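Working notes for the structure below.
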């Protein structure tokens with residue numbers, strides 16, 4: 001009798017767990033509403049350039065200037081957690097985030113993403129821009145790229161400057177090799193100063209490959225020594241966003257992981273072989289590079305060297321002294337104030 005009760009209890013627990021997981025997989029997703037007659041809060045799938053994309057649009061007044069964020073990674077959507085950092089921005093702008101083709105909620109099981117290149121992602125962005133400006137009745141949008149998203153954003157701005165009021169590169173990519181050499185030197189210096197011989201040995205073991213451009217500086221070590229984030233915990237933001245926010249369910253988390261696995265390495269290899277410095281040498285619109293002083297995911301020094309060479313009549317280089325790779329989040333109030341002052345006053 002006791003054995004039978006234990007078996008029934010075990011089966012009940014399993015059934016409850018299966019039910020919970022099943023509910024989490026198909027739980028409806030949305031983005032919380034924004035009060036106000038002209039407010040807009042939408043999370044929807046739309047077909048852009050022949051492919052379905054997940055797009056989140058949020059703002060207190062849909063007539064405010066459009067800001068399109070291009071996420072990095074590649075494949076690292078910011079939709080799961082970004083709302084916590086843009087409340088003030090939403091008061092002054094209509095903020096758009098989208099999951100790029102094959103990334104996050106835009107990943108569709110059974111589709112072949114082997115042909116996704118930076119060029120395809122640029123065409124997607126241009127098509128999305130046309131859709132958004134038409135839908136919201138505006139002539140231009142402000143374009144913001146972050147990390148790998150700057151690789152896409154800069155190419156879009158260069159090919160169609162008439163579509164954008166300005167280009168802002170946060171964690172701007174530049175010469176890939178120069179950036180990796182800078183990151184390697186920083187991490188090695190920090191590991192040596194900390195007396196972590198294990199990390200020093202790991203770095204020395206790949207020194208030749210780094211110097212030859214065959215390897216990237218380990219991102220885990222860049223994070224460990226404050227070259228990724230200093231005032232936020234971006235990994236925790238993702239976990240909390242996946243678990244607690246309304247925009248993603250468990251199935252979307254699986255999509256997110258699958259998207260990174262299928263395309264990230266290929267896209268990063270393309271970026272390394274064809275650095276943005278060789279693709280975009282001139283921009284015919286206002287250009288802003290916003291960098292964290294301690295950014296060694298995409299080196300601030302390499303970004304400044306690129307900025308100095310970039311042919312643009314209106315360009316500004318800004319450094320956030322307390323931040324690393326996420327100045328728009330690490331110093332969110334400063335960034336929101338700068339955006340409002342620069343584009344609204």
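The values are calculated or read from the model by the stated rules, or taken from the named source; none is laboratory data. Values in this document were obtained by computation on a predicted structure and should not be read as measured data. Glycine also receives a Cβ, built like all others from the backbone with ideal geometry; neighbour counts cover every protein chain displayed.
Some notes on this structure:
- Of all residues in the range 325-345, none satisfies the criterion of being in a helix (DSSP H, G or I) and at pLDDT below 95.
- Top-ranked residue in the range 295-313 [being part of a loop (DSSP other than H, G, I, E, B) and free of Cβ contacts under 8 Å to residues at least 40 places away in the same chain; ranked as farthest from residue 65 (Cα to Cα)]: 310
- Tally of residues being in contact (Cβ under 8 Å) with a residue 12 or more places away in the chain, in a loop (DSSP other than H, G, I, E, B) and surrounded by fewer than 16 Cβ atoms within 10 Å (Cβ to Cβ) across the range 115-136: 1
- Those helices (runs of 4 or more DSSP H) lying entirely in the range 173-237 with at least 1 residues more than 24 Å from residue 73 (Cβ to Cβ) and out of contact with any helix residue (DSSP H, G or I) (no Cβ under 6 Å at 6 or more places or on another chain): 176-194, 197-211
- Hits in the range 87-113 - residues which are part of a loop (DSSP other than H, G, I, E, B), in contact (Cβ under 8 Å) with a residue 24 or more places away in the chain and surrounded by fewer than 23 Cβ atoms within 10 Å (Cβ to Cβ): 108, 109, 113
- Of the criteria (1) at pLDDT 95 or above; (2) in contact with a helix residue (DSSP H, G or I) (Cβ under 7 Å, 6 or more places away or on another chain); (3) more than 27 Å from residue 157 (Cβ to Cβ), which one residue 258 fails: (2)
- Residue satisfying condition, being more than 30 Å from residue 222 (Cα to Cα) and out of contact with any strand residue (DSSP E or B) (no Cβ under 7 Å at 6 or more places or on another chain), within set 179, 183, 139: 139
- Residue check, residue 60 touching a helix residue (DSSP H, G or I) at 6+ places or on another chain (Cβ under 6 Å) and without any contact (Cβ under 8 Å) to a residue 40 or more places away in the chain: yes
- The residues of the range 76-86 that are under 16 Å from residue 171 (Cα atoms) and crowded, with 24+ Cβ neighbours inside 10 Å, listed by number, are 77, 78.
- Here residue 316 fulfils each of the conditions (1) assigned to a helix (DSSP H, G or I); (2) out of contact with any helix residue (DSSP H, G or I) (no Cβ under 7 Å at 6 or more places or on another chain); (3) touching a residue at least 12 places away in the same chain (Cβ under 8 Å) apart from (1).
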